[in-house]
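Have a look at the structure below before the remarks.
The values are calculated or read from the model by the stated rules, or taken from the named source; none is laboratory data. Quantities reported herein were computed from a predicted structural model and do not represent experimental measurements. FYI the Cβ positions are ideal-geometry reconstructions off the backbone, even for glycines, and counts take in every protein chain you see. Note: areas computed on protein heavy atoms with side chains; ligands, DNA, RNA excluded. Shrake-Rupley method; radii C 1.70, N 1.55, O 1.52, S 1.80 Å.
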Amino acid sequence: MIFNRHYMGLRHYAAFVRLNSTEQIEYLRSVLNNGEKDWTIIKENLLKKRGNYNGKNIDAMMLKVMVRSSKFDAAFKFADYLKANNTELSLGATNGLLILYHNYAKENSLSNKETGFILDSYKRLYDKYRILDSSTAENLLHALCSICEWKKCLRVLGDIKESGKPTHSAYSTLIGTLFKINKKIEALKIINMSVIDRRPLQDYPYEEWIKYIFRKYKDTKTIVKYLDEICAHIKHSGIPITKYTADKIKDAYSELKWDAKYTTILRKNGECTTCRERLECMKLTPDEFTLLQNNVREKLIVGSDLFLKSSPQELERFQNFLNQTAPYDIVIDALNICYIANQNIKNRLQVLKYVVNHFSNENMKILLLGRKHMMKWNRGGLEYLMKRCLTFFTDDLSQDDPYFITAAIMSGTHTDIVSRDLLRGHRFVLKQDDLRMIFQRWQWEHQWKVFGNKRGPFIQSPLLFTPCAQKNSDIWHIPYDAEYASTEGKVNDGVPDCSTWLCMKPNSVKK
């Protein structure tokens, strides 16, 4: 019987491949627990079984299974078998061995023979290929890090960047290795590259960074100074660290007799329940807001990455509308808010009325931004809204997010937005990392959100603090991601969890 994806549905074919691959893997795992192994017979038996592993990829597959199962003794014996029975290893087998040595070296020392294989592979691969494919380059970089060949790693990293972005693991493994061998200047350069490529550090580089500081410096004040550099990096990245890294940082400051504890931040006012210090609202400076505003203004063209689906006529109509009616106090993303109601138009209009009334009662100048199909809704309900706010309706095929974001930012520093959208897509099109962080801070400071429960809609005000790592009154507060964190019953409002923070203060600070 011929098993071919052209005769089977793609889903059924994929399931078939997984099933048969699993049969091969299960057989291999069963024989790995035996004593002496005849690798030739094992390979022959594997190839007799149905599956998508064949004579070309069988060596790499076997190594992969052994590494994932931590069967290092068997993997090393199979490696010796391959080297003895092949005049030239396949690219797949080479990759498999590089992965094996990297994983083994995490807890063990490599022998001279294994180190020699990594160096020989580096030379052989570059003799054969001008530029390595990204997968091979990543595996080679990891293996080279295992033997601290950092200069060769830089060449490999450059190759990866030729065709795309290095992975989080590639950056973190190299950075950690550089700190491990006391190459701080080079490590900081690679950290800057990782920030530009939006590759937050994993646990390993943070751990090696801390070890480097304690290894190099003995004076407490000096150690604190350089530990603060780590916290400043976390602040700049704007991304919570893992619980593992939080433990390492907490232990480091505790060793210096700091009062380091896990804590909760009160969402209503940003107060730390441990030290009672309040986190600051890191408002945008005039220069930062101007930078953000100029970036939005530059994208007010048809076909830009912000207005991909807009027509010239619609964009011109929008710009004329802004020129005639701005500034606003509040800009409402109408359709986004409606989604908390069901499909019933009456219920959706009730939600909009509730939100509009909330702000019109505060005498705010409101812009309600929606799509043209909304104009077919109940006329009385629409007229009620249009008497209380300015309205602009985009074409139904247009994305309305760019319009309401643009209207708010071009309106000025005081303008707020109302939307349940986390706006990750808009942050993505901002090319510079600094701009993304500026936009995120603007969003935290200005975004109202609308949620619904059994009693009806309710409005959540913007944060009074900036929920990222910060130092106030010599006290560090750093958010982290909890292990096995449950999202059950929680509303994803784009704010780091207020219950998973680290509070660290020197004992000289009294509260």
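Some points to look at:
- Taking 20 °C and 1.002 mPa s as conditions, segment 99-146 diffuses translationally at an estimated 194 µm²/s according to Stokes-Einstein applied to its Kirkwood radius (Cα pairs).
- Solvent-accessible area of Leu390 with every protein chain in place, 1.4 Å probe, in Å² to the nearest 10: 60
- For segment 19-143: span of alpha carbons on each principal axis (Å, largest first): 37, 29, 25
- Per residue, the accessible area of segment 326-474 comes to 44 Å², computed with a 1.4 Å probe over protein heavy atoms only.
- Spin-label pair Arg29/Lys283, simplified geometry with 7 Å Cα→Cβ offset, distance in nm: 5.9
- Approximate shape of segment 237-337 as ellipsoid semi-axes (Cα gyration tensor, √5λ), whole Å, largest first: 44, 17, 14
- Exposed GluC sites (Glu not before Pro) absent: longest stretch of the chain, with sites in DSSP loops and at most 12 other Cβ within 10 Å deemed exposed: 108-361
- Trypsin sites (Lys or Arg not before Pro) restricted to segment 57-162 and DSSP loop, no more than 14 other C-beta within 10 Å: Lys106, Arg130
- Computed [θ] at 222 nm, helices only, for the chain once each DSSP H run of length n ≥ 4 contributes -39500 (n - 2.57): -17000 deg cm²/dmol
- Rolling a 1.4 Å probe across all protein chains gives Val65 an accessible area of roughly 10 Å².
- Shown here: semi-axes √(5λ) of the Cα gyration tensor in Å, derived from the displayed model; of the candidates (1) 46, 34, 27; (2) 47, 27, 19; (3) 51, 33, 22, it corresponds to (3).
- Extended-chain gain in nm, criterion 0.36 nm per residue less alpha-carbon gap, Gln293 and Ser90: 67.7 nm
- Pairs exceeding a 26 Å alpha-carbon distance, out of Lys235/Lys283; Lys235/Lys309; Lys218/Lys505; Lys235/Lys268: Lys235/Lys309.
- Ranking Lys346, Lys49 by solvent-accessible area of protein heavy atoms (1.4 Å probe, all protein chains present), from largest to smallest, gives Lys346, Lys49.
- Rolling a 1.4 angstrom probe over the protein heavy atoms with all chains in place gives segment 19-106 an accessible area of 53 Å² per residue.
- Using distinct alpha-carbon pairs, which all enter the 1/r mean, Kirkwood radius of segment 262-402 in Å: 17.8
- The overall shape of segment 318-397 is oblate: from the C-alpha gyration tensor, with semi-axes ordered a ≥ b ≥ c, the ratio a/c is 1.5 or greater and a/b is no larger than b/c.
- At an R0 of 56 angstrom, the distance between the Cβ atoms of Arg379 and Ser473 translates into a FRET efficiency of 0.45.
- Our estimate of slack between Asp329 and Asn52, defined as 0.36 nm per intervening residue step minus the Cα-Cα distance, is 93.6 nm.
- Think of the chain as having a plus end and a minus end, set by charges on the Cβ of Lys, Arg, Asp and Glu; of Gly412, Ile438, Val450, Val450 sits farthest toward the positive end of this dipole.
- According to the calculation over all Cα-Cα pairs in segment 38-89, the P(r) per 5 Å bin from zero is 4, 19, 30, 28, 16, 3 %.
- Cα gyration tensor shape for segment 136-185, rounded if a/c is under 1.5, else prolate or oblate: prolate
- Here the Karplus relation 6.51 cos²θ - 1.76 cosθ + 1.60, evaluated at θ = phi - 60°, turns the backbone of segment 459-472 into coupling constants of 10, 9, 6, x, 5, 8, 9, 9, x, 9, 3, 7, 10, 10 Hz, with x for every Gly and Pro.
- Arg317-Lys387 pseudo-label distance in nm [points 7 Å out on the Cα-to-Cβ vector]: 2.6
- Phi-based couplings in Hz for segment 401-416 (Karplus 6.51, -1.76, 1.60; Gly and Pro marked x): 3, x, 6, 6, 5, 4, 4, 5, 5, 5, 5, x, 5, 8, 7, 9
- Note on Arg388: accessible area approximately 100 square angstrom, rounded to 10, probe 1.4 Å, nucleic acids and ligands left out.
- Only lysines eight or more places from Lys165 in sequence, or on another chain, were considered; those with a Cα closer than 21 Å are Lys151, Lys152, Lys189, Lys431.
- Fraction of accessible area attributable to carbon and sulfur, segment 67-201 (%, probe 1.4 Å): 48
- Shape category assigned to segment 203-246 from the gyration tensor of Cα positions, a/c cut at 1.5: oblate
- Protein-only accessible surface order, largest first, of Tyr480, Tyr129 at 1.4 Å: Tyr129, Tyr480
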